[in-house]
Each structure stands twice: as structure tokens, then as C-alpha cells.
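Below is one structure, written out as C-alpha cells; comments come after it.
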Amino acid sequence: MKRNILITGGAGFIGSHVVRLFVNKYPDYHIFNLDKLTYAGNLANLKDIEDRTNYTFIKADIADLDMMRSVISDNRIDGIIHLAAESHVDRSIKDPFTFARTNVMGTLALLQAAKEYWESLPEKFEGKLFYHISTDEVYGALELTHPEGVPAPFSTKASAGEHEAYGSEFFLETTKYNPHSPYSASKASSDHFVRAYHDTYGMPTLVTNCSNNYGPYQFPEKLIPLFINNIRHGKPLPVYGKGENVRDWLFVEDHARAIDTIFHDGKVAETYNIGGFNEWKNIDLIRVVIKTVDRLLGNPEGHSDHLITYVTDRLGHDMRYAIDSRKLQRELGWEPSLQFEEGIEKTVRWYLDNQDWMDNITSGDYERYYDDMYKNR
Ligand code: NAD
Ligand code: DAU
């Protein structure tokens, strides 16, 4: 079936994996990648598919309502996968307004433009979908409930049942929103607007909330690529607080596959949580990253351990995120394809094999930005 799909934020980390998957897998679809190309957007992420006949790049700002109106109507868009956002928590602490502008007002502009265009068609909302990509951070933070002595990583490969046996709590689709950072507050607000467009106007929408992604093409302000690059250069690894915060990590291609499944088979107006049941305490994850980088660079074990540097904690640092993704597994049959060990090996190898990509990004303004973040935290 021919379709015109608009993917926003497709030049970013997750968006580029989604664009690549759709362009390759669906030759009958035309994929429009709309991105403002902020510091986080990089067309080099899509070099391998940029010449495909079913792919078009559009440089635009989602907060520009008139522009969104023309992009959606001129290209007869019938499906939207919305990833464009400001995505880094530390930046949101320094500059919350940019997050409100893009994540809230930008999402609203896109919703309104889609609604106006779809309502103008004879078939109206029939066969249309606005799919909004959100985060587990909207649910707030969980306690560390595991007893002492559970080996780190304390949940890798453990089933949800095993977690529950330890008294763990998880974020469910029904968990009440309780965002803490300006980033998560802006994402929560955009999620509410998306649901309001369904409940008020009957627009077909869907929301998914995913845990931390890792993999190729992630901007090196986020933990894993930042640390891989710093180890390579023998630079300090700034661990916030005591390194005890816990995140649930999912390989980015597994998230892209989940998005594909949900876009095609998900039920309108539903929410699906996406996660890997793969929780790691930051410091344990960091030790795995150091070990893997050292091994692949041919350094002796322990060579880069001294780079670990404990620094002032992130303001309002959420202690633990943990997603229960069993609804998605049960209803749509999706599950993560990679074990973490395999995913992290693949990821470290990719960054070491693609040093030009990293060097291009980390030249120029990056150093100044990074020094600012580090000094002022
Ligand atoms: P990213 O920062 O790597 O990419 C964001 C992209 O959006 C960039 O290409 C940027 O240029 C573009 N963009 C920013 N502002 C824009 C605007 N005003 N108009 C048009 N384009 C704009 O982000 P990411 O990590 O790939 O995250 C993508 C989405 O997934 C976000 O909505 C984020 O909240 C969500 N998410 C991310 C994670 C994660 O671990 N990275 C986890 C769950 C959900
Ligand atoms: O949970 C999903 C979210 O995951 C996404 O919605 C966000 O867009 C994405 O950025 C990510 O948010 P986090 O804040 O969890 O990711 P980050 O890589 O910034 O940090 C991961 C953990 O590591 C967090 O506990 C903070 C810590 N950290 C991070 C950096 C950059 C450090 O200790 N040192 C660092 O230098």
C-alpha cells in the first residue's frame, strides 16, 4: 500500500534509525524526514539512504505552524511519527524555555496542522495516525528497592516475575505522570496534548514511552557515547553523584523495531511502554563500558579505570527508571532482540570504527558547550 509518512527528528539519534528502517523496509512508502538540524541533528547519520527515491529530507522547525500546514498538505501525509524534540536533561536544567518551545509548542503545532489537513479530506481521519514518541521519564522516579546482595547488574536477563519477587516497582502504562525535570515536564505536557487531540477531536493518536536507548549515532552528550569518546582520549569520566542511579537500557534498533510494530499494529488511543528489562546502576554500566573500550583498543584490563571522576550530582537527579513492557510483548509480540552484552559490544565497536563521525561532531562548538556544562553543574 502506498503511504506518505512524515517522521520528525529523523536526523537525530533514534529518528535516524527509524527513518533507515522505514526507507529500507517499505519501498512503497514515501518517507519525509523533517528536522530543524539543531546541534543534535546530523544528516551524516543517514548517508546510506539519502539518495533513495522513497526518501525526502525537509529542513523545518516543528514550531512553525504555517510550515507544518504546508508540509503536511503539500505532501498528502497520512501518518506521522513524531520524534523531534530537545532531548537532553542537563540542557533542560540550563534552558527550560527551549524545551517548552520545541517539545510543547512544536508538538502542538504539528498536531494542529495534521488535524486541519485530515479534517479537510473526504475520508477525514480514516487511515491516518499521529504517533508520538515519548519517554519513561514522564512517570517520575522509582525507589531502589532491591535488597543488598543482588548482583550487579541486578536485573539483566531477569524476568519481570523475578523483579517482582525482589519487591521491585515498575512504570506501567497506567502509572500516574510525575515528571521532575524541565525535559520530562515538557514531554509530559506534549503527551497530554496528543491525548487531548484524540479525546477532543477524535484524531487517531498513539503514545509510546521508552526507556534509555543506546547504540550508534547518539550525540556524545549522553552517557554512553560521551564516556566511550572520553576513554579514547584519556579524559575524565564525570560520574554524577555516587553513580548509584539506575537506568533501563534498550538497544536503539530494538526501539525502532517496536515503533514499526506499533505504527502498523498498535491500537489507536493506546499507550505502550517500551523497555528492555535491563536495569543498570550507572557505575556498573560505566565499568562495563570502560572494560569493553579498553579490550577493543588493546589496552590492558583496568587501564582506564582511573578516569572515573565523581562530580556534583545533576539537580533533581531521578534515582531509578524501570519500564514494564509486558503489554507490548503480550499484545503485539515485540521483544528486545539483543542481550545487553552483545548490544554494548556492537555499540563500542561502532564508535571506535566511526571515529570521523565522532570527531566531526566534537569539533568546534562542542568543546565550549561541554566545558560550560561541566563547570556549571
Ligand atoms: P536527539 O536529540 O538525538 O534528536 C532530536 C532531533 O530532533 C534532532 O535531529 C534535532 O535536530 C531535531 N529537532 C529538535 N528540535 C526541533 C524542532 N524544533 N523542529 C524540528 N526538529 C527538531 O533525540 P533522540 O535521543 O533521538 O530522541 C528522539 C525522541 O525520542 C525524543 O522525542 C525523545 O524525547 C524520545 N526518547 C528518547 C530516548 C533516549 O534514550 N534517547 C528514550 C525515550 C524517548
Ligand atoms: O529514560 C529515557 C531518557 O533517557 C530519554 O528520554 C532522554 O532523552 C535521554 O537523554 C535519557 O535520559 P538520561 O538523563 O537518563 O540519560 P543520560 O545519558 O543523560 O544519563 C544517563 C545516566 O547517567 C543518568 O543517571 C545521568 C548519568 N550521567 C550522565 C552524564 C551525561 C553521568 O553520571 N554523567 C554524565 O556525564
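Laboratory data are not the source of any read-out in this text; all were calculated from the coordinates shown. Please read all numbers here as calculations on a predicted model, not as lab measurements. Cβ coordinates were reconstructed from backbone atoms using ideal geometry, including for glycine residues, and neighbour counts include every protein chain displayed.
Can you tell me, using C-alpha contacts under 8 Å and at least 6 residues apart, the relative contact order of the stretch 230-377 as a whole percent? Intermediate results must be reported in sequence, preceding the final value.
Details: 156 pairs, mean separation 52.1, N = 148.
Taking the mean separation of contacting Cα pairs over the length of the stretch 230-377, I get 35 percent.
Calculated from DSSP H runs of 4 or more alone, at -39500 (n - 2.57) each and per residue, what is the 222 nm mean residue ellipticity of the chain, nearest 500? Kindly include the intermediate steps, with their values, before the conclusion.
On the way: 14 runs with 153 residues, N = 377.
Theoretical 222 nm ellipticity from helices: -12500 deg cm²/dmol.
Sort Met67, Met203, Met319 so the one with the fewest other Cβ atoms within 10 Å of its own Cβ comes first.
Result, fewest neighbours first: Met319, Met67, Met203.
Relative contact order, percent, of the chain when contacts are C-alpha pairs under 8 Å separated by at least 6 residues?
Working: 692 pairs, mean separation 66.9, N = 377.
Relative contact order here is 18 percent.
If one takes the longest principal axis of the Cα atoms in the chain, at what angle in degrees, from 0 to 90 and to the nearest 10, does the Cα axis of helix 282-297 lie?
80 degrees
Can you work out the FRET efficiency for the pair Asp199 and Tyr39, with r the C-beta to C-beta distance and R0 = 30 Å, to the nearest 0.05?
Working: r = 35 Å, r/R0 = 1.17.
Working from the Cβ atoms, E equals 0.30.
Relative to the longest principal axis of the C-alpha atoms of the chain, give the angle of the C-alpha long axis of helix 252-265, reported between 0 and 90° and rounded to the nearest 10°.
Compared with the principal axis, the helix lies near 30 degrees.
Rank by packing, highest mean first: peptides 325-333, 287-295, with packing defined as the count of other Cβ atoms within 10 Å averaged across residues. Please report the intermediate quantities before stating the final value.
On the way: 325-333: 16.9, 287-295: 18.9.
Put in order of decreasing packing, that is 287-295, 325-333.
What number, in percent, do you get for the relative contact order of the stretch 209-277 if the mean sequence gap of Cα pairs under 8 Å and at least 6 apart is divided by its residue count? Each step should come with its number before you reach the end.
On the way: 53 pairs, mean separation 34.9, N = 69.
Relative contact order of the stretch 209-277: 51 percent.
Using the Cβ atoms and a cut-off under 10 Å, what net charge is assigned to the surroundings of His17, where Lys and Arg are +1 and Asp and Glu are -1?
On the way: positive: Arg20, Arg257; negative: Glu253, Asp254.
Around His17, the charge tally is 0.
Apply 1/(1 + (r/R0)^6) to the Cβ-Cβ distance of Thr53 and Lys242, taking R0 = 45 Å, and write down the FRET efficiency to the nearest 0.05.
Working: r = 52 Å, r/R0 = 1.17.
Efficiency at R0 = 45 Å is approximately 0.30.
If each residue's Cβ is checked for other Cβ atoms within 10 Å, how do Trp280, Trp350 rank with the fewest at the top?
Values: Trp280 23, Trp350 16.
Going from least to most buried by this count: Trp350, Trp280.
Can you give the % of DSSP beta bridges in the chain that are antiparallel, to the nearest 5?
Details: 4 of 42 bridges.
The answer is about 10 percent antiparallel.
By how many degrees, between 0 and 90 and to the nearest 10, does the Cα long axis of helix 107-119 differ from the longest principal axis of the chain?
It works out to around 30 degrees.
Could you tell me the center-to-center distance, by alpha carbons, between the stretch 45-116 and the stretch 1-24 in angstrom?
12 Å
Taking 0.36 nm per residue of sequence separation and subtracting the Cα-Cα distance, how much length would be gained by fully extending the chain between His317 and Asp28, in nm to one decimal? Working shown, then result.
Working: separation 289, 0.36 × 289 = 104.04 nm, distance 4.44 nm.
Answer, rounded to one decimal: 99.6 nm.
Place a point 7 Å from the Cα of Thr98 along the Cα-to-Cβ direction; which residues of the stretch 285-326 have their backbone N under 19 Å from it?
So the set is 314-315.
Kindly flag which residue pairs out of Lys47/Lys242; Lys115/Lys176; Lys59/Lys124; Lys2/Lys59 have an alpha-carbon separation exceeding 29 Å in this structure. Present the calculation step by step, with values, prior to reporting the outcome.
On the way: Lys47/Lys242 39 Å; Lys115/Lys176 27 Å; Lys59/Lys124 27 Å; Lys2/Lys59 24 Å.
Beyond 29 Å between Cα atoms: Lys47/Lys242.
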